[in-house]
Amino acid sequence: MSSPPNPPKKRLGQHFLKDPNTARIVAAGVTEDDVVLEVGPGRGFLTAVLARRARLVHAVELDPDVLPALREAVRDLDHVAVHEGDALRFDYGVLEPAPNKLVANLPYNIASRLILRLLEEGRSLASLRFMVQLEVARRMAASRGTKDYATYAVLVQLLAEVRIEHKVSPDVFDPPPRVYSAIVSMERRRSNLKPDEYRGVKKLVLAAFSSRRKRLVNNLPEQVRGETPRVLNSLGYGPDARAEELSPEDFVALYQAGAWAF
């Protein structure tokens, strides 16, 4: 008689998927040509669905207590490579073959940081489709001028097109979270920004949003304030514009038109 599965760990943000239909929706679009990265596979419920569709699944799991259940879930399935490690510190560059898609039910406590890291560093990932808390999804997909539009939305949307695909009930998870979740899809943008330019834009965005109540100009270091009103005017904004009014592309234009060596 098999032992009962280990209970989910709150400190790891574990809410294990248990609904087959939701798993199929998350896995939509995966084909036999895809090498999939799954972060936080847990007991392997989604992993098994992915393994039946993909060329290969790289499953990265931190919790050693769930590894037996994970390996049991994919025991009769080929093309699954289980990697034990911390997703925020894992070296995704060592994965062979390199994954072209992320498909995952992400641990709640690392989702935001992980997605931005994968977009910034995981250049092989052309698309990402994952579940996160609904409020996190809204911060990722926020439109300018809304309360959720801030540094995170700008940076994510600089690197990818973002869509909220489905709202997900707490009932499809074990344990059910206290909030709704969402399935988010991202397609990596083809960007002409070089890595050092992106770092410069990121620094500008972080400064611009440092105080939402202030004018954008007043959030910037003194040495670059002089040129900013002129550049804002060329983009169609007045000198009193605030950061949340600008689109991600506007921040790139602002960076490229100014002397942002700060």
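Points to keep in mind about this one:
Table: residues versus (1) within 20 Å of ALA153 (Cβ to Cβ); (2) over 14 Å from the mean Cα position of the chain (by Cα).
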{"position": "LEU62", "(1), (2)": "no, yes"}
{"position": "ALA69", "(1), (2)": "no, yes"}
{"position": "GLU96", "(1), (2)": "no, yes"}
{"position": "LYS101", "(1), (2)": "no, no"}
{"position": "ILE115", "(1), (2)": "yes, no"}
{"position": "GLU121", "(1), (2)": "yes, no"}
{"position": "SER124", "(1), (2)": "no, yes"}
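- Any hit, region 164-175, residues being of a type in the set (Lys, Arg), open to solvent by 10 Å² or more (accessible area, probe 1.4 Å) and touching a residue at least 24 places away in the same chain (Cβ under 8 Å): yes
- Flag for LEU95 being surrounded by 16 or more Cβ atoms within 10 Å (Cβ to Cβ) and in contact with a Ser or Thr (Cβ under 9 Å, 6 or more places away or on another chain): yes
- Qualifying positions in region 105-131 - among the hydrophobic types (A, V, I, L, M, F, W, C) and either without any contact (Cβ under 8 Å) to a residue 12 or more places away in the chain or open to solvent by 20 Å² or more (accessible area, probe 1.4 Å) (or both): ILE110, LEU116, ALA126
- Count of residues meeting criterion [in a helix (DSSP H, G or I), open to solvent by 80 Å² or more (accessible area, probe 1.4 Å) and over 20 Å from LEU155 (Cβ atoms)] in region 226-250: 3
- Identity of the residue in region 176-212, charged (D, E, K, R) and touching a strand residue (DSSP E or B) at 6+ places or on another chain (Cβ under 9 Å), that ends up farthest from GLU165 (Cα to Cα): ARG189
The values are calculated or read from the model by the stated rules, or taken from the named source; none is laboratory data. The model shown is predicted, which means the values in this text are computed figures rather than measured ones. Backbone-built Cβ (ideal geometry, glycine too); neighbour counts: all protein chains shown. With ligands, DNA and RNA removed, areas are computed over all heavy atoms of the protein, side chains included. Shrake-Rupley method; radii C 1.70, N 1.55, O 1.52, S 1.80 Å.
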